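Since every read-out is calculated from the coordinates, none of them should be taken as a lab result. This one's a predicted model, so the numbers in the text were calculated from it and none came from an experiment. Ideal geometry is used to build each Cβ from the backbone, glycine not excepted, and the neighbour counts take in all protein chains shown.
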Amino acid sequence: MFSKSKEDMKKPMNNNTPTPRPGSAPTPSIVGADVEIEGNVKTVGELQLDGSITGDLACGSLVMGETGKVNGTIAAETVTVRGSVTGEIRAKSVRLEKTAVVEGDVYHESLSVEAGAKLTGRFAHTSGALTAGSKKTPAETPSFVEAKKPAAE
């Protein structure tokens with residue numbers, strides 16, 4: 001009555017991933033402190049990063065914890081950095097908190113930097129959304145500011 005026939009057992013299982021309801025926000029993704037990813041990461045939703053990524057990262061929103069690390073380009077709508085980034089950041093809104101260490105250029109529409117954050121690179125205000133791989137150079141963007149790490153730490 002409830003058993004499958006031998007023919008049904010031979011058919012591959014259908015492993016469809018559930019699709020979000022139309023109009024619903026994607027589930028936030030979490031990369032734990034013990035996770036190391038080598039390769040590019042892409043999601044349309046929010047990413048909480050406490051582990052490390054060696055590769056480019058594209059997401060809707062990034063919140064990087066103090067143990068989070070990215071070695072590559074970050075492209076997102078909003079980025080909050082408490083960890084370390086080696087590479088450029090391209091986002092509408094960028095927030096560097098006091099524990100942030102960034103070695104690379106930051107392209108932004110809105111920028112917030114807490115006292116204690118370290119940046120070796122350049123800030124460049126942009127009036128349009130820049131994405132990873134954009135061909136614009138810092139000289140082609142308005143309000144270009146260069147910041148250097150203090151000599152004595």
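Return the long-range amide H neighbours of Thr43 (sequence gap of 5 or more, or a different chain), with a cut-off of under 5 Å between placed amide H atoms.
Answer set, sorted by chain and number: Ala58, Cys59, Gly60.
Report ³J(HN,Hα) in whole Hz for each residue of region 112-120, in order, from the Karplus equation J = 6.51 cos²θ - 1.76 cosθ + 1.60 where θ = phi - 60°; Gly and Pro get x.
9, 10, 7, 4, x, 5, 10, 9, 10
So how much slack lies between Glu109 and Lys42, counting 0.36 nm per residue of separation and subtracting their Cα-Cα distance, in nm?
Working: separation 67, 0.36 × 67 = 24.12 nm, distance 2.16 nm.
Stretched out fully, the Glu109 to Lys42 stretch lengthens by 22.0 nm.
Would you mind ranking His125, His108 so that the residue whose beta carbon has the fewest other beta carbons within 10 Å leads the list? Mind dumping the intermediate values first?
Details: His125 15, His108 21.
Ordered by Cβ neighbours within 10 Å, fewest first: His125, His108.
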